[in-house]
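Remarks on the structure that follows.
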Amino acid sequence: FATGDRIMFLKNERGLGVKNGTLGKVERVSPDSMAVRLDDGRQVAFDLKDYAHVDHGYAATIHKSQGVTVDQGHVLATPGMDRHAAYVALSRHREGVQLHYGRDDFADDRRLVRTLSRERAKDMASDYPMYRDRDAEAQSFADRRGLSGEIRLPDAPERKGVELLGPRAGTMRQMGGDPRPREIGEGRGAGDAKAAAERQPRRGMFDGLKLSAEPAKAAEPAQGAKEKAAPKRGMFDGLKLSSRTPTPAKEAPARAEQGLTHDFRRAVERASRSAEAVLQARASGAPVLEHQKVALERTTQALDQIRPGASRDLASAMQRDPALLREAAAGRSGPMIEAMAQEARVRADPNLRADRFVERW
């Protein structure tokens with residue numbers, strides 16, 4: 001450095017009253033010290049052994065020049081700029097500014113204008129609210145911290161048919177629209193009904209699949225009311241209790257099997273929730289996020305550790321009856337476990353495998 005050089009401070013130093021990006025002019029310099037007059041009129045002096053974070057200040061990046069004001073400005077345009085960077089760079093001067101660019105970067109003025117005026121908005125997580133499953137997030141949070149036994153999610157209400165794997169109702173709202181649900185036919189004309197039909201969510205991957213949720217009606221007696229029905233059996237009819245007390249040695253295997261069944265049921269529910277989140281993203285046209293892939297891989301591995309091949313049985317059962325996945329993800333894993341047991345029997349029995357092959361063929 002020499003007297004008269006323009007320098008920039010590169011590190012915050014409260015004792016000197018400078019920060020990263022402060023500009024000044026060298027008034028006195030020696031091998032051990034330097035005196036600088038800052039642009040705001042203050043004068044600072046320091047030993048280079050204590051503070052040596054300075055560089056020539058004739059040019060600076062656009063990011064570092066934010067908040068800086070100079071009399072004359074020179075801007076070097078590069079292909080990495082956009083409208084926001086151009087606005088910052090071209091508004092740092094008091095009296096005048098000159099824009100410089102190279103023909104190797106911009107062949108003509110049109111390319112320069114297109115680069116300096118382009119918009120490059122960044123996505124945020126809040127831009128994608130329609131793909132969030134808050135129940136799955138809460139359950140995943142509990143599983144990661146070992147709180148699954150303390151956090152209970154309400155069971156989903158029974159529904160007729162299969163719920164579409166699409167965005168939840170109310171996650172997106174039209175600007176100025178009425179959030180209260182209304183019937184399409186009430187107080188609307190044909191045009192309003194058509195517009196409402198066009199706003200219906202896109203068809204999901206399981207559209208058209210309907211499973212009856214109504215309990216089967218009991219068969220009516222053939223003889224009618226003339227014949228008397230047989231007396232109803234009590235819940236304890238035929239029950240014989242032994243006076244012998246079961247030994248602990250016989251109870252231990254039953255308890256171990258019960259604990260294994262409980263762990264397996266929880267593993268099936270966690271794997272179903274992870275698979276449902278991935279399928280929901282794909283059905284909605286959204287990309288599958290990395291944490292969703294990791295969660296699916298971990299839950300299927302945990303499922304296979306309890307029962308080898310269980311993840312393959314779960315996938316086969318889901319393909320044959322997609323409604324089972326939704327039920328298991330909501331905490332009703334009984335039908336899914338039964339279907340997985342059937343798939344395991346198919347894998348083990350060559351005759352059942354042959355029947356399944358013929359069925360698919």
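The table that follows gives values for the structure above.
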item	result
P(r) tail fraction, the stretch 1-58 - alpha-carbon pairs more than 15 Å apart, %	37
Calculated SAXS-style log₁₀ I(q)/I(0) at q = 0.22, 0.25, 0.26, 0.29 Å⁻¹ - the stretch 61-121, Debye, Cα scatterers	-0.89, -1.07, -1.12, -1.26
Dimensions in Å of the stretch 255-360 - Rg and Dmax from alpha carbons	14.3, 46
Estimated inter-spin distance, THR61 and ALA341, nm [label 7 Å along Cα→Cβ]	6.3
Note, ³J(HN,Hα) from phi for the stretch 8-15, Karplus 6.51, -1.76, 1.60, rounded to Hz, x at Gly and Pro	10, 7, 10, 8, 5, 9, 5, x
Label point distance in nm, ASP40-THR3, each placed 7 Å from Cα along Cα→Cβ	2.7
Placed amide H near LEU99: partners under 5 Å, 5+ positions off or other chain	VAL75
Tail beyond 24 Å, pair distance distribution of the stretch 18-126 (Cα, percent)	42
Nitroxide proxy distance, nm - points 7 Å out along Cα→Cβ at LYS19 and ASP71	2.6
Computed over the stretch 316-359, Kirkwood Rh from alpha-carbon pairs, angstrom	10.9
Cβ-based net charge around ARG118, under 10 Å, with every Lys or Arg adding one and every Asp or Glu removing one	+1
Per-residue ³J(HN,Hα) for the stretch 328-342, Karplus 6.51 cos²θ - 1.76 cosθ + 1.60, θ = phi - 60°, Hz, x for Gly and Pro	5, 5, 7, x, 9, 8, x, x, 5, 5, 5, 5, 5, 5, 5
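FYI, it's all coordinate maths here, none of it is from the lab. This is a predicted model, so every value here is computed, not measured. Methodologically, a virtual Cβ is constructed for each residue, glycine included, from the backbone with ideal geometry; neighbour enumeration extends over all protein chains shown.
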